[in-house]
Amino acid sequence: MIDFHSHILPGIDDGAKDLEDSKKIIKEARNAGVEKIISTSHYALDCFESPEYKRKELIEQLKEELEEGDPEIVLGSEIFLTYNVLELLQEFKASTINGTKYILFELPLRGYFNNLKDLLNKVKGSEYKLVLAHPERYGMIHSNFNLLYELKDLGVLMQCNYGSILGLYGMKTKSVIKKMLKEDLVDFLGTDVHKPDTIYPKLPKALKKISKIIDEDRLDDLTHTNAAMLLAGEDVR
């Protein structure tokens, strides 16, 4: 299993507060059967702005603490979408996933993003590939589910959170992820883990609920195969 979305690096966003937190989360991931964790620390202007070199240093520190059998840690970012996102990537402030052309981005949980499709077309035109973090959580999707199809038409891939199927973000979010799974709109699953003793112990329950909606082969795609292809720089879908 590859965890596509996590906040495990210590002290740089609202995730793990220190190295001990990070180590606890990694052990929980191992116990849950996770083999790789994509570290997608927030990159948001005027809020979380830890540059790529700093996050690489933290990953190296974590590697020194890992034991045999612990998950591999992979570099990425969860970028709060901004009109200068290309500059943030080109200046090695924010990061693509594992040095590929894939970008994990997030939107405002409430409200709208003006000229969203125009900006996504601009990013897409620069040969980057787009993955939207937890679309099931956004108010703009709650009020207009068809926006997901419009984003799909632009080539945007979708990463949903395991916790959403458990109702951890509310019943509307749970309803949206169920519909997304049924309509084959999900490409990756991730924990969006921020702290120890939160989502990893709940993974078996989440997987059981998801397996009632999609078949075993599709579940393997969402939990492993698609992420493995992306990490290798291959096209997904």
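The values are calculated or read from the model by the stated rules, or taken from the named source; none is laboratory data. Because the structure is predicted, anything quoted here is derived from the model rather than measured. With ideal geometry, Cβ positions are generated from the backbone for all residues, glycine too; neighbour counts draw on all protein chains shown. What goes into the accessible areas is simple: the full protein's heavy atoms, side chains included, and nothing from ligands, DNA or RNA. Shrake-Rupley method; radii C 1.70, N 1.55, O 1.52, S 1.80 Å.
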For segment 171-212, name all the residues that are open to solvent by 50 Å² or more (accessible area, probe 1.4 Å) and within 28 Å of LEU9 (Cβ to Cβ).
LYS195, ASP197, THR198, PRO201, LYS202, PRO204, LYS205
Go through segment 112-129 and count every residue that is not in a loop (DSSP other than H, G, I, E, B) and not β-branched (Val, Ile, Thr).
10
Please count how many residues of segment 109-122 are over 19 Å from the mean Cα position of the chain (by Cα) and open to solvent by 70 Å² or more (accessible area, probe 1.4 Å).
7
State the number of residues belonging to segment 138-150 that are of a type in the set (Phe, Trp, Tyr) and either open to solvent by 20 Å² or more (accessible area, probe 1.4 Å) or assigned to a helix (DSSP H, G or I) (or both).
2
Index of the failed condition, ASN98 passing every other in (1) at negative phi; (2) under 15 Å from the mean Cα position of the chain (by Cα); (3) open to solvent by 20 Å² or more (accessible area, probe 1.4 Å):
(1)
If you go through segment 123-137 one residue at a time, do you hit one that is open to solvent by 50 Å² or more (accessible area, probe 1.4 Å), touching a residue at least 24 places away in the same chain (Cβ under 8 Å) and among the hydrophobic types (A, V, I, L, M, F, W, C)?
no
